[in-house]
Amino acid sequence: MNNWKHNHILDLSTFSLEDYNTVLELTTRFKDVHTSSSRKLPALQGRLIINLFFEPSTRTRTSFELAAKRLSADVQNFSVSASSLSKGETPLDTILTYISMGADILVLRHESTNVPAELANYIDINNINTSILNAGDGFHSHPSQGLLDLFTLATFFNPNEPSTNSLLNKKITIVGDILHSRVARSNLWALTACGADVTLCGPPSLLPDEFIDFVLNPPPGQKFDPINSRGSVFVKRSLKDALKNSDAVMTLRLQKERMKQNMLTDLDSYYAQYGITHESLKWCEKKVPVLHPGPVNRGIEISSQLVEDNSINLIGKQVENGIPTRMALLYLLGLNKNNQ
């Protein structure tokens, strides 16, 4: 754990295989704590963690709060409706207020891309001893979701010792609104880093052809890719073709609130072509797990029957694994502070 070098967690494009395995190992340990009778560790006692969510959230915000409390940290939740934003204060000044109050870790979600990165840069330039953990920014990144999805899949494929090797040569299909999905982007970085091949499937309006090159080059400002050899990315329009030989399937929510124009004219037609159902899963030619990061729109991305079939879907496991995964990330940022 002493090799952890990230003062902030902003984007999985910067993670090495060692980083991924560190998170997976810690998550496995913390999952045992999460399910034990004590449910609490003194690891972050005295630390102040602020959940700054400028966008609505249920699963992510709640699991970060529970994760921090499991580690005995002091937790403060920010509420937009009860803040001074209504009086004209800028989001930056709101964030700086919490930094001045001694926040050790800011868990930040914002509707605009790169806000967490810009804030992290400000903190580093000014030598402020606060860490930023990106809880979702615009279309860009949702690292904790990508990591909990990775842990969920690694545990499914290798229950006794989930690691990056658990995904090697696996074929993972992601279906739906890729264009507006920060979850899809984080999963692309994580899954290909572990040697999985990822097939993206959806209509051209929600899945541009350019996504086939998504992991070929580091994002702007990043000098190199820490992964020597990644899995491949494929784009397919036919759900039947995309599901063939898949080892796992993830379907994504249609993010209508992020769409600047009406990109789908008929939801029934979308469900008929891209909805994940028991029937469409037969194209995988074997029993495979189904994931969905939530919230679920039943009868649009996935059938209601499949949502309720816990013998196939891992949706409940994703929610359950969110707490120990986020415990691992908070712990690593707190540990990094102890080593400074």
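Results for (1) more than 21 Å from the chain's Cα centre (by Cα); (2) modelled with pLDDT of 90 or more; (3) over 24 Å from Gln145 (Cα atoms), shown as yes or no for each residue.
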position: Leu48; (1), (2), (3): yes, yes, no
position: Ser57; (1), (2), (3): no, no, no
position: Ser72; (1), (2), (3): yes, yes, no
position: Ser79; (1), (2), (3): yes, no, no
position: Ser83; (1), (2), (3): yes, no, yes
position: Lys87; (1), (2), (3): yes, no, yes
position: Thr90; (1), (2), (3): yes, no, yes
Residue by residue through the stretch 11-33, note down the ones that are surrounded by fewer than 22 Cβ atoms within 10 Å (Cβ to Cβ) and of a type in the set (A, V, I, L, M). Leu17, Leu26, Val33
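Within the stretch 123-155, track down each residue that is more than 27 Å from His180 (Cα to Cα) and touching a residue at least 12 places away in the same chain (Cβ under 8 Å).
First, pick out the residues of the stretch 123-155 that are more than 27 Å from His180 (Cα to Cα): 123-130, 155.
Answer for the stretch 123-155, where residues must be more than 27 Å from His180 (Cα to Cα) and touching a residue at least 12 places away in the same chain (Cβ under 8 Å): Ile123, Asp124, Ile128, Asn129, Thr130, Thr155.
Can you tell me which residues in the stretch 264-293 are in a loop (DSSP other than H, G, I, E, B) and modelled with pLDDT of 90 or more?
Of the residues in the stretch 264-293, the ones in a loop (DSSP other than H, G, I, E, B) are 264-266, 275, 277-279, 285-289, 292-293.
Once the filter is applied, which keeps residues that are in a loop (DSSP other than H, G, I, E, B) and modelled with pLDDT of 90 or more, the stretch 264-293 yields Gly275, Thr277, His278, Glu279, Glu285, Lys286, Lys287, Val288, Pro289, His292, Pro293.
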Checking Tyr98 against (1) among the aromatic types (Phe, Trp, Tyr); (2) outside the structural domain of Ser16 (by TED's automatic domain parsing); (3) farther than 24 Å from Ile312 by Cβ: exactly one of these is not met. Which one? (2)
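Considering the stretch 181-208 alone, what residues qualify as being part of a loop (DSSP other than H, G, I, E, B) and surrounded by fewer than 24 Cβ atoms within 10 Å (Cβ to Cβ)? If you could, list the steps in order and put the result at the bottom.
If we filter the stretch 181-208 for residues that are part of a loop (DSSP other than H, G, I, E, B), which is where we start, we get 181, 194-196, 202-208.
If the condition is that a residue be part of a loop (DSSP other than H, G, I, E, B) and surrounded by fewer than 24 Cβ atoms within 10 Å (Cβ to Cβ), then Gly195, Pro203, Pro204, Ser205, Leu206, Pro208 are the ones that fit.
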Pair list, Cβ < 6 Å and 6+ apart or interchain, from the stretch 206-223 residues that are in the same structural domain as Cys194 (by TED's automatic domain parsing) to residues that are of a type in the set (Lys, Arg): Val215/Arg230
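The values are calculated or read from the model by the stated rules, or taken from the named source; none is laboratory data. Bear in mind the structure is a predicted one, so any value in this text is a computation, not a measurement. Glycine gets a Cβ as well: all are built from the backbone with ideal geometry, and neighbour counts include every protein chain shown.
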